[in-house]
Structure formats: structure tokens, C-alpha cells
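Quick notes on the structure that follows.
The values are calculated or read from the model by the stated rules, or taken from the named source; none is laboratory data. Just so it is clear, the structure is predicted and the values come from calculations on it, not from any experiment. Cβ atoms come from the backbone with ideal geometry, glycine included; neighbour counts cover every protein chain shown. Accessible surface areas use protein heavy atoms only, side chains included; no ligands, DNA or RNA. Shrake-Rupley method; radii C 1.70, N 1.55, O 1.52, S 1.80 Å.
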Amino acid sequence: MDLPDGLIPTSWVLGSHLLFAFLLAGLVRMAPWRNLAARPDLALVFAGFLAGVVFLWTARAGIPQNPGLNLHLLGATILTLAFGWPLALMGLIIVLLITTFLGNSGWETFSLNALLLAGIPVLVAAGVHQFVHRRLPNHPFVYIFVSAFLGGALTMAVLAAVSGAVLSLSGTYGMEALVREYLRYFPLLMFPEAFLTGGILAILVVYRPEWVVTFDDEAYLKGK
């Protein structure tokens, strides 16, 4: 999922720079880091979570002969539910900066990687949670099993579809090769991603609900 330099056509790379610039400008205007400045304890927790996501992104599998078709867990849904989508998006961009510096992906394709590995997962995770919050009962089990568990699985599934579409439509890989070497392995990642997300969020809402900004004690525990 981490695209190296020289793999994607230049037109796609330039287009991704433009889209990422708009995304980054909006994120800067929102200034989500102010929430961390107001709560030093939360900033320390956030840094710890980012370190965990860096580990997830560097512990990847792939075939050297097929650059860009590597697989790893995301952790995006955990960050989105725990800290809200603006901080999650900022955090994943920081993670991508670190992993790119470590040589796991290319600097020229940084914007495209950011859109795929940060923008899309956070958008899906936030969308799933908003749907659950508005349409389903406010109950801890609904939050854990739907927003967290199912949300983590759906995030991985949508990433597979979007990244596969980018690689196919850009002419980088044929669909047959993508299915054989890449897409068919995503179901194997969906359950671990869902289990990791649901397990961590379950622990947090029980022992540290103040660390989960999308979990409201009044709404989920007292039925208000």
C-alpha cells in the first residue's frame, strides 16, 4: 500500500499533490493540535498511539518484484474514534512522514500515499461512526462491535478497492495481476484490523473513556 517513486504516472502524482494541498490547507485551518496543547496527558497518549501505528506500517508483507503491492494493518479507525478525525488525519500524516523517512515509500508519491493511507481510511472510519451514532442505539456494544470492529474491517475493504482502482486505472498493474498478487489477500487483513480496533477500543472505553473523544459516557452508559 506504500507506493514508491517511479511507479505511478506523473499525471497521477501531480494530481495527488493538488488534492493533498487542499486537504492539508483545511487541516491547518482546523488546527487540531490545539486540543493536544490544552491536554498534555492526551498528547502523551497520542504520541504513544502514533508509535504503535508506525510499528504496524513497518511490519508489512509483500513481494519485492511487485513494488507497491505490500500489505500492513492500518490503525486508522482506532485513531479516528479515540481522537477524532482531524487529529487522526494529522497523526497518520506524521506516521507517513516517519515511514517514508525510513524508506518504506517514496517522497514523490508522498501526497498519493497520504490520500490513500490517511485520507481514505479516516473518511471511512468517521463516516461509519457518524452513521452508527445517528441511526443505531447509543449502546457500548453497538459502539465497540459496529463503530470499532465493523468500522475497522470496512476501512480495510474500502482501502483495497480504492488502491486497486488507482493502480489499475493508472495502468500500473493489470486487474488480473492485482487480484492474484494483491486484492485477494485483503480479506486476510480485515479480521485482524477489526479485532485490533475493537479490542483496543473496548479496553479504552472501560478503563480510560476520557481518552476516547467519540465515546460519551452520558449517551452510551446512561442512555441520554
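Details
- Only one of the numbered conditions (1) in contact (Cβ under 8 Å) with a residue 60 or more places away in the chain; (2) closer than 17 Å to Trp107 by Cβ; (3) not aliphatic (A, V, I, L, M) is violated by Gly84, and that is (2).
- Ala114 being hydrophobic (A, V, I, L, M, F, W, C), touching a residue at least 60 places away in the same chain (Cβ under 8 Å), open to solvent by less than 10 Å² (accessible area, probe 1.4 Å) and under 24 Å from Leu7 (Cβ atoms): yes
- Scan of the stretch 150-193 for residues that are of a type outside the set (Val, Ile, Thr) and either outside any helix (DSSP H, G or I) or touching a strand residue (DSSP E or B) at 6+ places or on another chain (Cβ under 7 Å) (or both), ordered by number: Ser170, Gly171, Tyr173, Gly174, Tyr182, Tyr185, Leu189
- Residue among Leu196, Leu136, Leu189, Leu115 that is more than 19 Å from Ala61 (Cα to Cα) and under 17 Å from the mean Cα position of the chain (by Cα): Leu115
- Complete set of residues in the stretch 70-103 that are under 18 Å from Asp5 (Cα atoms), out of contact with any Lys or Arg (no Cβ under 9 Å at 6 or more places or on another chain) and open to solvent by 10 Å² or more (accessible area, probe 1.4 Å): Ile93, Leu97, Ile98, Phe101, Leu102, Gly103
- Within the stretch 141-186, the set of residues being open to solvent by less than 10 Å² (accessible area, probe 1.4 Å) and over 15 Å from the mean Cα position of the chain (by Cα) comprises Tyr143, Gly164, Leu167, Leu178, Tyr182.
- Hits in the stretch 1-41 (condition: at pLDDT 90 or above, of a type in the set (Phe, Trp, Tyr) and surrounded by 11 or more Cβ atoms within 10 Å (Cβ to Cβ)): Trp12, Phe20
- Condition broken by Ala61, with the remaining ones in (1) open to solvent by 10 Å² or more (accessible area, probe 1.4 Å); (2) touching a helix residue (DSSP H, G or I) at 6+ places or on another chain (Cβ under 7 Å) satisfied: (2)
- Filtered residues of the stretch 161-207 (kept if free of Cβ contacts under 8 Å to residues at least 60 places away in the same chain, under 24 Å from Gly75 (Cβ atoms) and of a type in the set (D, E, K, R)): Arg184
- The listed residues are Leu92, Leu79, Leu74, and the only one of them that is assigned to a loop (DSSP other than H, G, I, E, B) and in contact (Cβ under 8 Å) with a residue 24 or more places away in the chain turns out to be Leu74.
- Subset of the stretch 50-71 [touching a residue at least 40 places away in the same chain (Cβ under 8 Å) and touching a His at 6+ places or on another chain (Cβ under 7 Å)]: Trp57, Arg60
- Within the stretch 123-140, the set of residues being open to solvent by less than 30 Å² (accessible area, probe 1.4 Å) and farther than 30 Å from Ile8 by Cβ comprises His129, Val132, Pro140.
- Filtering the stretch 194-215 to residues that are open to solvent by less than 80 Å² (accessible area, probe 1.4 Å) and either outside any helix (DSSP H, G or I) or among the hydrophobic types (A, V, I, L, M, F, W, C) (or both) leaves Ala194, Leu196, Ile200, Leu201, Ala202, Leu204, Val205, Trp211, Val212, Thr214, Phe215.
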